[in-house]
1. Run the numbers for Leu351 and Phe13: contour at 0.36 nm per residue of separation, minus the present Cα-Cα distance, in nm.
2. Using only alpha carbon pairs under 8 Å that are at least six residues apart, calculate the relative contact order of the stretch 181-268 and give it in whole percent.
3. I'd like the distance between the alpha-carbon centres of the stretch 233-259 and the stretch 263-310, rounded to an integer number of Å.
4. What FRET efficiency, computed as 1/(1 + (r/R0)^6) with R0 = 41 Å and r the Cβ-Cβ distance, is obtained for Asn85 and Ala368, rounded to the nearest 0.05?
5. Starting from 0.36 nm per residue, how many nanometres of slack lie between Asn55 and Glu318 once their C-alpha separation is accounted for?
6. Using only the alpha carbons, work out the radius of gyration and Dmax of the stretch 11-179 in angstrom.
7. Rounded, prolate or oblate for the chain? Axes are the square roots of the Cα gyration tensor eigenvalues, ordered a ≥ b ≥ c, and the cut-off for rounded is a/c under 1.5.
8. Considering only DSSP beta bridges with both partners in the chain, what is the antiparallel share in %, to the nearest 5?
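Every number in this text was worked out from the coordinates using simple rules, so none of it is lab data. Please read these numbers as outputs of a predicted model, since none were measured by experiment. A quick note on method: Cβ atoms are made from the backbone with ideal geometry, for glycine too, and the neighbour counts reach across all protein chains shown.
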Amino acid sequence: MESIFNSPNPILFGMGTSKQTGEKLKEFGCTKVLVVFDQGIKKVGVADKIINIINEAGIETVVYDNVQADPPIWSVEEAGILGANEKVDGVVGVGGGSSMDTAKGAKLLIANPPPLRQYFGRVGVVTKPSVPLIVIPTTAGTGSETTPGGTITDTENNIKTNISGIGCQVTLSIVDPELTIGLPPSVTASTGLDALCHSVESFTSAMANSFSRVVGMEGIRLVGKYLVRACEDGNDLEAREGMSLAATLGGIAMSGPFCHLPHDIGRSLGAKFHVPHGNGCAATLPQAMQVIAPVKTEECKYIAECLGVPVPDDATPEQVGELVYKATHDLVMKVKLPSLKQLGFKLEDLLAVVPDEVVMQVDMEIKAFGGIAPPPVPVTKELIADIITRAYNEN
């Protein structure tokens, strides 16, 4: 199989590495930077910690602290315009995926004039190079520290879409597992399952290649080993480091083959119903894995075993489907991820919107990727409706 590996940006990984933020910015020639984060990061003191590190290196800071979940266009444009007006020569994004994606958009707009929507798309979008960007994740899940673009909510059309290209490219990721210590179990679970989905979906994608398989397999193994531990003890340093590595590997894995069914459904749940991203993607993971097992049997066997469910050598594809369903369902239950029903949604409301939305997304991918799309099985409204219905009643 022909394989293409899109090498991510440089990554500085390890306990305490965030202390090097100021020095790294100086190496890039930065003298005044925009620091992007949300109110949650500010309240726990992480934002001030990073700002102080930057200031101690002699670099001036401008703050944008109004990051929104599933960042809408208006928020990203607000950050970018602030950076441009303040004439910053660097951007630092601190937090989860929303903060990092907002920082990517802000970087883009510093050198490329608004409106942001003119830069939507994964391929064929031309942008100018911009200022250096350092991203510092404070959760272990989104993988945005390694991806070549960001996910933005198009509030006019009420869909999630992408920005990408050199204009929003990350210059350096600093992945410091210390910053994830003490995260609440609910956040650890949601982001950790997002990391699992990245690796699982990349590994089983119809567009998977030799590189995504190797990286995805290790990401799956790490989640199987460490996610429950990290949820049970937020101060378990080995588990926190393992999950940070799993999240980074998941981000690398999905850059080539992209994600499929759980993320396709999760994006729609996030854009239409404001379900947190990790919750939305993991909401249908067990059911989606069972659906694809007949065509991705060996991959699903590996996933089940990494998550603690042995698979007999002579298991049929249908039996593998049942076992990978059990493995992923058990994990979702162990980390106490709220179900769609527990989140208060009505099944009929979900079915009225999500299947059409997912089919539209996949049709767009087929056109963009020359007749192929990441889902390993044909996607129909009936299939998506069945997955959602089962997930609603079973999880």
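1. The span from Leu351 to Phe13 would gain 117.5 nm if fully extended.
2. Once normalised by length, the contact order is 43 percent.
3. Rounded to whole Å, the Cα centres lie 16 Å apart.
4. On the way: r = 35 Å, r/R0 = 0.84.
Efficiency at R0 = 41 Å is approximately 0.75.
5. Residue separation times 0.36 nm, minus the Cα-Cα distance, leaves 88.9 nm.
6. 14.3, 43
7. Note, shape of the chain comes out prolate.
8. For the chain, the DSSP antiparallel bridge percentage is about 25.
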